[in-house]
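Participant: Just dropping this structure here.
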Amino acid sequence: MKILFGGFIVCSVLFLPDFHLNPSWPAIQLIDFLLPILAIYVFIERKQVQGKLLFIGIAVFALTMLLSMAVNGRIFVIQDLFEVFKLVKFSLIFAFFTLVPVAAFGRTWLKPMFVLLVGVNALHFFNVFGFNQVISDFYNGGLHIEYFGLNSLKEPAVKRMVGLAGNPNINALVFLFFSIAFLPIQQRTNTLWWFFVAVLMMFLCQSRTAILGLGAILIAAGFLMKQHFTIRKWTIILLGISVVYLLSWAMTTNFFHHSLYSNNLFTGHILKTGSARGRWEAWTFLGEMILQRPLFGYGGNKAYFYAQKIYSENEYILMAWRYGIFGLMGYLLIYFLPLKSFFQAKKIEQSYPALLSIALMLVAALTNNPFVDRTIMVLFAAVIGAVYSQLSTHHTHVE
């Protein structure tokens with residue numbers, strides 16, 4: 001039953017659209033309605049739940065958020081309180097996955113979910129049966145679908161695969177989580193082709209954030225897994241990544257007819273692009289506001305971003321603006337507190353997925369907001385919880 005419910009949680013965030021109960025409220029997911037059931041189950045099995053250190057981090061972060069809201073007189077603003085609700089959701093999903101048998105879950109769900117996700121994204125990329133209209137209508141594709149394969153003048157241009165995530169950056173991060181799951185370690189070399197497909201799908205999204213994230217994964221793997229990665233294996237991995245990058249280049253540019261969006265990450269022209277200038281202007285503006293209220297921030301105040309049409313595109317700046325330096329520290333605790341458990345594991349290779357996922361999130365947060373995204377947050381909670389579950393099979397209790 002736990003394996004079935006865990007699969008439903010992940011599938012629901014990957015494949016089902018968000019929806020609004022009220023136009024003024026944030027979008028919600030189907031799994032949100034099942035959180036009471038999840039809470040009851042976690043409470044019943046509370047003695048078996050792992051990860052005390054992470055729960056401490058979540059609690060500290062939630063308290064700093066509420067304190068910031070109270071100081072700014074926004075403690076009863078529903079829109080801002082949804083961010084605290086998301087932390088509760090994160091903690092429940094994390095707690096549940098510490099109880100799920102990881103090996104059985106992987107055998108049952110991992111590859112079928114991935115195959116279905118690749119298939120759906122292929123329907124979108126080639127717009128089979130007008131599938132992009134479905135993404136536009138139900139998955140918040142918006143301008144990403146309207147300008148899919150087009151430039152601002154609606155002339156043919158490079159394609160950025162949006163997928164059911166409704167955003168190419170988030171879609172790319174989803175595939176990076178699968179690439180971590182398929183990264184070939186020890187006897188798992190049979191997952192190599194699955195890894196390359198995941199990386200190819202990530203490249204088709206043309207996300208510079210995700211390319212940096214892939215670099216973080218490989219660098220972290222190089223330090224953590226040097227005993228498992230021979231020169232021959234690294235050669236195969238890097239050569240394979242190069243091949244799928246060239247393949248994605250051909251596919252997204254109509255066989256090199258258009259310039260590749262992500263190439264300016266390597267040419268040095270990225271600082272001259274509109275998105276880079278826009279990010280820098282937003283960071284400078286928000287940074288100046290942070291200096292005015294450094295301790296407690298602005299109490300969330302999501303409405304300000306909507307009204308000013310500002311996108312932070314940096315989660316560290318976003319957390320410091322919303323909740324001040326104390327909120328930023330609480331946010332970082334979610335990543336750093338569990339590291340003690342992971343590095344102290346007798347078989348550290350069981351911690352690799354969590355360690356690589358943390359590296360991915362920390363790097364992605366430099367140019368995006370991965371944790372506040374509902375889909376990425378659920379995937380991250382599931383991965384970290386699953387690793388605690390794996391560790392608990394060799395320890396009575398894991399902090």
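Participant: Return yes when Met202 is closer than 25 Å to Val10 by Cα, open to solvent by less than 10 Å² (accessible area, probe 1.4 Å) and assigned to a helix (DSSP H, G or I) and no when it is not. Working first, answer last.
Facilitator: On the way: closer than 25 Å to Val10 by Cα: yes; open to solvent by less than 10 Å² (accessible area, probe 1.4 Å): yes; assigned to a helix (DSSP H, G or I): yes.
Taking the combined requirement at face value, the residue satisfies it.
Participant: Residue check, Asp18 against (1) farther than 15 Å from Asp373 by Cα; (2) charged (D, E, K, R); (3) at pLDDT below 90, all met but one. Which one?
Facilitator: Every condition holds for Asp18 apart from (1).
Participant: Of all helices (runs of 4 or more DSSP H) completely enclosed by the range 295-347, which ones contain at least 2 residues that are over 17 Å from the mean Cα position of the chain (by Cα), buried (at least 22 other Cβ atoms within 10 Å of the Cβ) and on the phi < 0 side of the Ramachandran plot?
Facilitator: 315-336
Participant: Look through Thr209, Thr252, Thr230 and report the one residue that is buried (at least 17 other Cβ atoms within 10 Å of the Cβ), more than 18 Å from Leu356 (Cβ to Cβ) and either at pLDDT 95 or above or hydroxyl-bearing (Ser, Thr, Tyr) (or both). Can you show your working first?
Facilitator: Details: Thr209 fails: more than 18 Å from Leu356 (Cβ to Cβ); Thr230 fails: buried (at least 17 other Cβ atoms within 10 Å of the Cβ).
On inspection, the qualifying residue turns out to be Thr252.
Participant: Right, something else. Only helices (runs of 4 or more DSSP H) wholly contained in the range 1-84 count here; list those with 3 or more residues that are under 28 Å from Gly324 (Cβ atoms).
Facilitator: Details: elements: 2-15, 30-33, 35-44, 52-71.
Helices (runs of 4 or more DSSP H) meeting the threshold: 52-71.
Participant: Take the range 150-163 and flag every residue that is out of contact with any Pro (no Cβ under 8 Å at 6 or more places or on another chain) and outside any helix (DSSP H, G or I). Can you show your working first?
Facilitator: So the first thing to find is which residues in the range 150-163 are out of contact with any Pro (no Cβ under 8 Å at 6 or more places or on another chain), and the list is 151-159, 163.
Once the filter is applied, which keeps residues that are out of contact with any Pro (no Cβ under 8 Å at 6 or more places or on another chain) and outside any helix (DSSP H, G or I), the range 150-163 yields Asn151, Ser152, Leu153, Lys154, Glu155, Pro156, Ala157, Val158, Lys159.
Participant: With the condition kept exactly as written, say whether any residue in the range 181-194 is open to solvent by less than 30 Å² (accessible area, probe 1.4 Å), in a loop (DSSP other than H, G, I, E, B) and closer than 30 Å to Ala157 by Cβ.
Facilitator: Looking through the range 181-194, none of the residues is open to solvent by less than 30 Å² (accessible area, probe 1.4 Å), in a loop (DSSP other than H, G, I, E, B) and closer than 30 Å to Ala157 by Cβ.
Participant: Being surrounded by 15 or more Cβ atoms within 10 Å (Cβ to Cβ), closer than 28 Å to Gly141 by Cβ and at pLDDT 95 or above, is that true of even one residue in the range 90-105? Don't jump to the end; show me each part of the working.
Facilitator: First pass over the range 90-105, keeping only residues surrounded by 15 or more Cβ atoms within 10 Å (Cβ to Cβ): 90-102, 105.
The next check asks that each one be closer than 28 Å to Gly141 by Cβ; those that pass are 90, 93.
The next check asks that each one be at pLDDT 95 or above; those that pass are 90, 93.
Yes, the range 90-105 contains a residue that is surrounded by 15 or more Cβ atoms within 10 Å (Cβ to Cβ), closer than 28 Å to Gly141 by Cβ and at pLDDT 95 or above.
Participant: Give just the number: which of (1) modelled with pLDDT of 95 or more; (2) surrounded by fewer than 19 Cβ atoms within 10 Å (Cβ to Cβ) does Thr108 not satisfy?
Facilitator: It fails just one condition, (1).
Participant: Look at the range 248-260 and say how many of its residues are farther than 9 Å from Leu204 by Cα and part of a helix (DSSP H, G or I).
Facilitator: Taking the range 248-260 and keeping what is farther than 9 Å from Leu204 by Cα, we get 250, 253-260.
From what's left, part of a helix (DSSP H, G or I): 250.
Number satisfying all stated conditions: 1.
Participant: Consider only pairs whose beta carbons are under 6 Å apart and that are at least six residues apart or on different chains; among these, list those whose first residue lies in the range 372-387 and is farther than 15 Å from Leu176 by Cβ and small (Gly, Ala, Ser) and whose second residue is open to solvent by less than 20 Å² (accessible area, probe 1.4 Å) and assigned to a helix (DSSP H, G or I).
Facilitator: Going by the 6 Å Cβ cut-off, the qualifying pairs are Ala381/Phe90; Ala381/Ile93; Ala381/Phe94; Gly385/Phe94; Gly385/Phe97; Ala386/Phe97.
Participant: Also, quick follow-up: Looking at Tyr245, Tyr298, which is the one that is of a type outside the set (A, V, I, L, M, F, W, C), more than 16 Å from Gln206 (Cα to Cα) and at pLDDT 95 or above? So that I can check it myself, show each step before the final result.
Facilitator: Working: Tyr245 fails: more than 16 Å from Gln206 (Cα to Cα).
Matching residue, one of Tyr245, Tyr298: Tyr298.
Participant: What number of residues within the range 216-231 are hydroxyl-bearing (Ser, Thr, Tyr) and under 26 Å from the mean Cα position of the chain (by Cα)?
Facilitator: Going residue by residue through the range 216-231, those that are hydroxyl-bearing (Ser, Thr, Tyr) are 230.
Retained after the next criterion (residues that are under 26 Å from the mean Cα position of the chain (by Cα)): none.
The number of residues fulfilling the criteria is 0.
Participant: For Asn264, work out the one condition from (1) at pLDDT 60 or above; (2) closer than 13 Å to Arg208 by Cβ it doesn't fulfil.
Facilitator: (1)
Participant: Which of the residues that make up the range 351-378 are open to solvent by less than 30 Å² (accessible area, probe 1.4 Å), in a helix (DSSP H, G or I) and of a type outside the set (Ser, Thr, Tyr)?
Facilitator: Ala354, Leu355, Leu356, Ile358, Ala359, Leu360, Met361, Ala364, Ile376, Met377, Val378
Participant: Test of understanding: among Phe15, Phe82, Phe43, Phe8, which residue is touching a Pro at 6+ places or on another chain (Cβ under 8 Å) and open to solvent by 20 Å² or more (accessible area, probe 1.4 Å)? It would help to see each step written out before you state the result.
Facilitator: Numbers: Phe15 fails: touching a Pro at 6+ places or on another chain (Cβ under 8 Å); Phe43 fails: touching a Pro at 6+ places or on another chain (Cβ under 8 Å); Phe8 fails: touching a Pro at 6+ places or on another chain (Cβ under 8 Å).
On inspection, the qualifying residue turns out to be Phe82.
Participant: OK, next. Filter the range 112-149 for residues that are touching a helix residue (DSSP H, G or I) at 6+ places or on another chain (Cβ under 7 Å), in a loop (DSSP other than H, G, I, E, B) and farther than 19 Å from Asp373 by Cβ and give the result.
Facilitator: Scanning the range 112-149 gives a single hit, Phe148.
Participant: When only residues in the range 46-60 that are open to solvent by less than 40 Å² (accessible area, probe 1.4 Å) and touching a residue at least 60 places away in the same chain (Cβ under 8 Å) count, which is farthest from Val77 (Cα to Cα)? Before you say what the answer is, go through the steps one by one.
Facilitator: Kept after step one, since they are open to solvent by less than 40 Å² (accessible area, probe 1.4 Å), are these residues of the range 46-60: 49-51, 53-54, 57-58.
Filter once more, keeping what is touching a residue at least 60 places away in the same chain (Cβ under 8 Å): 50-51, 53-54, 57-58.
Values: Gln50: 33, Gly51: 31, Leu53: 29, Leu54: 27, Gly57: 24, Ile58: 21 Å.
Among them, the one singled out is Gln50.
Participant: Does the range 233-248 hold any residues that are within 24 Å of the chain's Cα centre (by Cα) and open to solvent by 80 Å² or more (accessible area, probe 1.4 Å), and which are they?
Facilitator: Within the range 233-248, Leu238 is the sole residue that qualifies.
Participant: Here's something else I'd like to know. Could you tell me which residue of the range 136-145 is surrounded by the fewest Cβ atoms within 10 Å (Cβ to Cβ), considering only residues that are under 20 Å from Ala157 (Cα atoms) and hydrophobic (A, V, I, L, M, F, W, C)?
Facilitator: Looking only at the range 136-145, we keep the residues that are under 20 Å from Ala157 (Cα atoms), and these are 136, 141-145.
When the remaining residues are screened for being hydrophobic (A, V, I, L, M, F, W, C), the result is 143, 145.
On the way: Leu143: 9, Ile145: 20.
Among them, the one singled out is Leu143.
The values are calculated or read from the model by the stated rules, or taken from the named source; none is laboratory data. If you're wondering where the values come from, they're calculated on a predicted model, not measured in any experiment. Reconstructed Cβ throughout: ideal geometry from the backbone, glycine too, with neighbour counts over all protein chains shown. Just so you know, the surface numbers come from the protein's heavy atoms only, side chains and all, with ligands and any DNA or RNA stripped out. Shrake-Rupley method; radii C 1.70, N 1.55, O 1.52, S 1.80 Å.
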